[in-house]
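These notes are about the structure you will find just below.
The values are calculated or read from the model by the stated rules, or taken from the named source; none is laboratory data. Note that the structure is a prediction, hence the values are computed from the model and not measured. As a convention, Cβ positions derive from the backbone with ideal geometry for all residues, glycine included, and neighbour counts pool all protein chains shown.
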Amino acid sequence: MKKLFLFLLLPFHAILWSQSFELVPLGVYGGGDESNLSAYLIGEPGKNAFLALDAGTLRSGIQVAIANQTFTATEAVVLKSYIKGYFISHGHLDHLAGLIINSPDDSKKNIYAMDYVIDIFKKYYFTNGPWSNFANEGASPVLNKYTYKKLDTQTKQKIENTGLQIEAFELSHGDFSKSSAVLVENNVGAVVLYLGDTGADRIEKSDNLARLWKNTAPLLQSKKLKTILIEVSFPNSQPENALYGHLTPKLLVEELQVLESYAGKGSLDRFKVIITHLKPGGDQIETIKKELEENNPLGLDYIFPKQGERLLF
C-alpha cells in the first residue's frame with residue numbers, strides 16, 4: 001500500500017519539478033473588494049520561498065490558499081516564513097494595504113521598490129501618523145522590521161533567501177502616478193514578467209511600455225519567458241480620457257502587438273498571459289473576459305487567476 005501511495009504521488013512531483021515557477025495569487029482584483037486585492041506569490045516550485053509581487057491582500061488570500069490546500073502550513077508560517085520579501089510596483093493602497101495592515105505580525109524582510117515608491121512609504125504610510133514606521137528609514141522611531149531595497153532600472157537585484165533575481169522597469173500610470181514592472185528570473189534563466197498598473201503608451205504619451213517590450217522580446221524569442229502578468233482594468237466601453245492609467249482589452253492587444261513586432265510574427269501564438277487587476281462592478285469582469293476572448297488576433301492563451309489557486313509555469 002505504501003508503494004502504491006508513493007507511485008500515485010510521482011506524477012504530481014514530476015509535473016511540479018518540470019516547471020520553472022510556482023505562482024500563488026493572494027489577490028486578483030483592482031479595487032472594490034478589500035479581501036482580494038493585487039498580490040501574487042512567485043517562487044521556485046516546492047521550495048516555499050516566495051517573493052510577493054505587490055501586497056494589496058495578504059492574510060485573506062493566505063486563508064483561501066490554505067482552504068484550497070495550496071498551503072498546508074498555518075497563516076503565520078506562510079506570512080512570516082514563506083514570504084521572503086515584497087516587490088511593490090507603486091504606492092496605491094490596493095497594491096500594498098495587506099503589507100501595512102499585517103506588518104505588526106510579519107517577520108523581518110525586504111521591500112524591493114523604485115525610489116518613488118519608497119518615498120510614498122516614507123511620506124504617507126510608515127510615518128508614525130497613520131501607521132507606525134516598521135521600516136528602516138524615515139520618521140522616528142524606526143522599528144527596522146522592513147528594509148527598503150531601492151531598485152534601479154535595468155539593474156538586476158537578488159532577492160534574499162530565494163533563488164530569484166529581478167530587473168525593474170518604470171511604467172506610466174496616469175497623470176499623477178508612476179508604476180513599475182519586473183522581470184523575475186530564476187537560477188536557470190527562466191523569466192516571468194509582472195507589470196503593476198499601467199496605461200498604454202499612446203494614451204500616456206510615453207514610451208515606457210515600448211522600452212519594456214524591446215527588452216522582453218529576446219526572452220520571448222528564446223522561450224525563456226514563461227508568462228506575462230498584466231492588468232486589464234476596464235472594458236472597451238471605458239472612455240480613453242477616463243482610464244486613469246489603466247488598460248482595456250483593446251489597448252492590451254495594441255500593446256502586445258508592439259511586443260510581437262520586436263519578437264517576430266507569431267511569437268505570441270498560444271503564449272500564456274495572466275490577466276490581473278480586473279475591477280469588479282456589475283457584469284464588468286464578464287465583459288472584459290468576453291472582449292479579450294473575442295478579439296484575440298495574436299492567438300494568446302489568456303489565464304484569469306483565482307485567489308488561492310496555485311499556477312505552475
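Observations, loosely collected:
- Scanning region 104-130 for residues that are surrounded by 13 or more Cβ atoms within 10 Å (Cβ to Cβ), of a type outside the set (D, E, K, R) and farther than 28 Å from S172 by Cα gives a single hit, N128.
- Pair list, Cβ under 9 Å, 6 or more apart: region 97-114 residue more than 16 Å from L53 (Cβ to Cβ), other residue aromatic (F, W, Y) and part of a strand (DSSP E or B): S103/Y146; D106/Y146; K108/Y146
- The residues of region 187-202 that are farther than 19 Å from G27 by Cβ and charged (D, E, K, R), listed by number, are D201, R202.
- Test result for T70, of a type in the set (V, I, T), over 27 Å from K158 (Cβ atoms) and modelled with pLDDT of 95 or more: no
- Qualifying positions in region 160-173 - over 18 Å from D115 (Cβ atoms) and crowded, with 18+ Cβ neighbours inside 10 Å: T162, L164
Per-residue answers, yes or no, for (1) part of a loop (DSSP other than H, G, I, E, B); (2) surrounded by 17 or more Cβ atoms within 10 Å (Cβ to Cβ); (3) in contact (Cβ under 8 Å) with a residue 60 or more places away in the chain; (4) aliphatic (A, V, I, L, M):
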site: Y244; (1), (2), (3), (4): yes, no, yes, no
site: L259; (1), (2), (3), (4): no, yes, no, yes
site: Y262; (1), (2), (3), (4): no, no, no, no
site: G282; (1), (2), (3), (4): yes, no, no, no
site: I285; (1), (2), (3), (4): no, yes, no, yes
site: K289; (1), (2), (3), (4): no, yes, no, no
site: G299; (1), (2), (3), (4): yes, no, no, no
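- Of all residues in region 44-61, those that are in contact (Cβ under 8 Å) with a residue 40 or more places away in the chain and surrounded by 24 or more Cβ atoms within 10 Å (Cβ to Cβ) have Cβ atoms under 9 Å from Cβ atoms of residues that are of a type in the set (D, E) and not in a strand (DSSP E or B), 6 or more apart or on another chain, in D54/D94; G56/E34; G56/D94; T57/D33; T57/E34; T57/D94; L58/D106.
- Strands (runs of 3 or more DSSP E) lying entirely in region 66-181 (those with 2 or more residues that are under 16 Å from I42 (Cβ atoms)): 83-87, 109-114, 156-158, 165-172
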